[in-house]
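Trainee: A single structure is presented below for examination.
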Amino acid sequence: MVTGWYVERTPDRSAKAVIAVTLLALLLVAVVPVALLAGVVMMILGHVASGLALFGGSVLAAAIAVALAGVSGMRHLRKLVSESSFRLVRLDDSQYTDVAEPGGSDYTNVVQLDRSEYTEVR
């Protein structure tokens, strides 16, 4: 039913809070260049300390908002993953299909490794 899907997809309070904090962080990051320009104008007019304080304050506020958005987003993501309604399937060793295990080898000096002995090299 369409109404059931809509109700299920409507964000709850914590999701709305994460969205609001993220939008605030984006807004504050977008304001930093404007604050830099205003600070430079203030410093040209002789208010050096006020110009530096304006720019530093805007950078500090943007950094705090970005950190808060990151923390609240991670908390919300952990909550979603821990809920039972979120379907998360953990794969065991036999379900990995991207690596083919060779059945046999024509070489005499080949050492067969157990899956626990594999290391990832990038």
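The values are calculated or read from the model by the stated rules, or taken from the named source; none is laboratory data. Everything numeric here is computed off the predicted structure, so don't read it as measured data. No Cβ is skipped: glycine too gets one built from the backbone with ideal geometry, and neighbour counts run over all protein chains shown.
Trainee: Pick from VAL41, VAL31, VAL59, VAL18: which is assigned to a helix (DSSP H, G or I) and without any contact (Cβ under 8 Å) to a residue 24 or more places away in the chain? So that I can check it myself, show each step before the final result.
Mentor: Numbers: VAL31 fails: without any contact (Cβ under 8 Å) to a residue 24 or more places away in the chain; VAL59 fails: without any contact (Cβ under 8 Å) to a residue 24 or more places away in the chain; VAL18 fails: without any contact (Cβ under 8 Å) to a residue 24 or more places away in the chain.
Exactly one of VAL41, VAL31, VAL59, VAL18 is assigned to a helix (DSSP H, G or I) and without any contact (Cβ under 8 Å) to a residue 24 or more places away in the chain, namely VAL41.
Trainee: Within region 1-42, track down each residue that is among the charged types (D, E, K, R) and modelled with pLDDT of 75 or more. Lay out the reasoning, then the answer.
Mentor: If we filter region 1-42 for residues that are among the charged types (D, E, K, R), which is where we start, we get 8-9, 12-13, 16.
Passing the criteria: ASP12, ARG13, LYS16.
Trainee: Also, I was wondering about something else. Of the numbered conditions (1) among the β-branched types (Val, Ile, Thr); (2) modelled with pLDDT under 90; (3) part of a helix (DSSP H, G or I), VAL99 fails exactly one; give the number of that condition.
Mentor: Tallying (1) among the β-branched types (Val, Ile, Thr); (2) modelled with pLDDT under 90; (3) part of a helix (DSSP H, G or I), VAL99 fails exactly one: (3).
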